[in-house]
Every structure is written in structure tokens, then in C-alpha cells.
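Remarks on the structure that follows.
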Amino acid sequence: MSRIGWDEYFARMVEVVKLRSTCKRHQYGAIVTLNNQIRGTGYNGAPSGMEHCTEIGCLRDELRIKSGTRHEICRAVHAEQNAILRALEFGNIQGATLYTNSYPCQICSKLIINSGVKKVVMSGTYSTTDGIELLKQAGINVITIKTDES
């Protein structure tokens, strides 16, 4: 029996977190850890208390908007954003690691940079890599791994 490392451990957990997503297009999940302790989890979906896209439909689909563009039209809060917001409820997350099953978009990458996250572990892809470039420019350690699910 071999023991999996921390990155694979949390990346696999992201695969469960994403199952709460209420986006009709993609199921994304994210986890923020600090010192190998979970500080927050998040998945993509409507803001708290609002109707979900699974209930009212997807405006982006109706307008045929390409993935990775025109984020302002989407009603969903991204998984990374939700995970960071939850993690910050516990206090400072300077030096934290964020796990996601997607490449962070540019908006999420800016939030990741300003939140103090120092490492991002991705186990999936996204339609653009612009966010990854921002993370690297900011000195964030960006790692891509494979899990059984990705």
C-alpha cells in the first residue's frame, strides 16, 4: 500500500466538492489549505440565496457566449472565489495553497494573488491560460497534477 501525497489528497477532494456545483456548463471545485489543513471549500454556483442556473437556465448558453469570455454575464460565483471567501472567515490565509480542478480565470487569479495564496495546484484545464500567466508573474507556485478523475 502506498500513501498519496498532500497535493493528490486535496486534488481528489476537489472532485467531491465540485459535485455541489449548480452551473449547467461546468462543475468546478476548489479547496484552500494552510499547513495542510482545509480552511475553505467552494464550487461554482449562484450567490447565496439566489436561484441557481440549474433552476432558471443559463444566460451564457442562451447568448452562445464562449467559455472563458464575458464573465460579467455569468451569475455564478467561481469555485476559487467561494473557497477564498470561506477560508478568510478563519482569518489570514497568507502562504496558503489553493486546489482546483480547472485553470483559474483572470478574475480568480487576481483574487488568488491578492489573498496571499502562494501555491495553486490544478488537476484540470480551462479554455484560456491567461490566469495562469498572471499567477506566474506574481511569483505564485503553479503546479498541474493528474488524479484518477482528471
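The values are calculated or read from the model by the stated rules, or taken from the named source; none is laboratory data. No experiment lies behind these values; they were computed from the predicted model shown. As a convention, Cβ positions derive from the backbone with ideal geometry for all residues, glycine included, and neighbour counts pool all protein chains shown. Ligands, DNA and RNA are stripped out before the accessible areas are found, and what is left, the full protein with its side chains, is counted by its heavy atoms. Shrake-Rupley method; radii C 1.70, N 1.55, O 1.52, S 1.80 Å.
Collect the residues in the range 78-87 that are in contact with a helix residue (DSSP H, G or I) (Cβ under 7 Å, 6 or more places away or on another chain), in a helix (DSSP H, G or I) and open to solvent by 20 Å² or more (accessible area, probe 1.4 Å), keeping them in residue-number order.
Q81
What number of residues within the range 99-150 are farther than 20 Å from R86 by Cα, open to solvent by less than 40 Å² (accessible area, probe 1.4 Å) and touching a strand residue (DSSP E or B) at 6+ places or on another chain (Cβ under 7 Å)?
Adding up the residues that qualify gives 5.
Just wondering, is there one or more residues in the range 26-43 that are part of a loop (DSSP other than H, G, I, E, B), under 18 Å from C105 (Cα atoms) and open to solvent by 70 Å² or more (accessible area, probe 1.4 Å)?
Scanning the range 26-43, I find at least one residue that is part of a loop (DSSP other than H, G, I, E, B), under 18 Å from C105 (Cα atoms) and open to solvent by 70 Å² or more (accessible area, probe 1.4 Å), so the answer is yes.
Looking only at residues that are without any contact (Cβ under 8 Å) to a residue 12 or more places away in the chain and assigned to a loop (DSSP other than H, G, I, E, B) in the range 1-25, which one is least open to solvent (accessible area, probe 1.4 Å)?
Across the range 1-25, the extreme among qualifying residues is G5.
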